[in-house]
1. Taking the range 42-61 as the search range and keeping residues that are more than 16 Å from residue 125 (Cβ to Cβ) and touching a residue at least 60 places away in the same chain (Cβ under 8 Å), which one is surrounded by the fewest Cβ atoms within 10 Å (Cβ to Cβ)?
2. Here is a check on your reading of the model: is residue 138 outside any loop (DSSP other than H, G, I, E, B), buried (at least 16 other Cβ atoms within 10 Å of the Cβ) and touching a strand residue (DSSP E or B) at 6+ places or on another chain (Cβ under 6 Å)?
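Derivation of every value follows stated rules applied to the coordinates shown; laboratory data play no part. The shown structure was predicted, so the numbers you read here are calculated from the model rather than taken from an experiment. Cβ sites come from the backbone with ideal geometry, for glycine too, and all protein chains shown count toward neighbours.
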């Protein structure tokens with residue numbers, strides 16, 4: 001008979017500390033740089049693809065070169081998109097932070113979220129964080145391969 005886990009494990013606490021440190025870092029970047037791209041909100045529309053690297057207890061160290069996401073709709077700082085993976089396609093929605101560099105997206109049927117940074121007009125970095133039983137972290141550098149259109 002299995003015992004039910006009570007409270008948080010050390011790995012879960014460390015993961016949450018990492019998430020908090022990352023969030024504080026994003027706020028610091030905003031206040032230090034204060035809109036380095038100017039007042040124009042970046043356009044994220046298009047197809048983005050690149051190499052993805054992850055680590056988890058269940059899958060170990062994995063990487064693949066065909067990570068592709070599509071951002072199909074954007075209204076001001078808010079956007080929507082899709083990505084396809086081994087188990088199917090997921091829809092996500094996100095927001096660009098006021099620093100015009102950082103963003104976050106989530107999927108309603110997922111246990112994690114993505115924090116990202118706009119590296120230049122056609123390059124983004126995105127890192128996925130999932131806690132608890134399926135704890136996983138991974139990052140991808142994605143290049144825009146489909147021309148963007150105005151949001």
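1. 58
2. Against the criterion (outside any loop (DSSP other than H, G, I, E, B), buried (at least 16 other Cβ atoms within 10 Å of the Cβ) and touching a strand residue (DSSP E or B) at 6+ places or on another chain (Cβ under 6 Å)), residue 138 qualifies.
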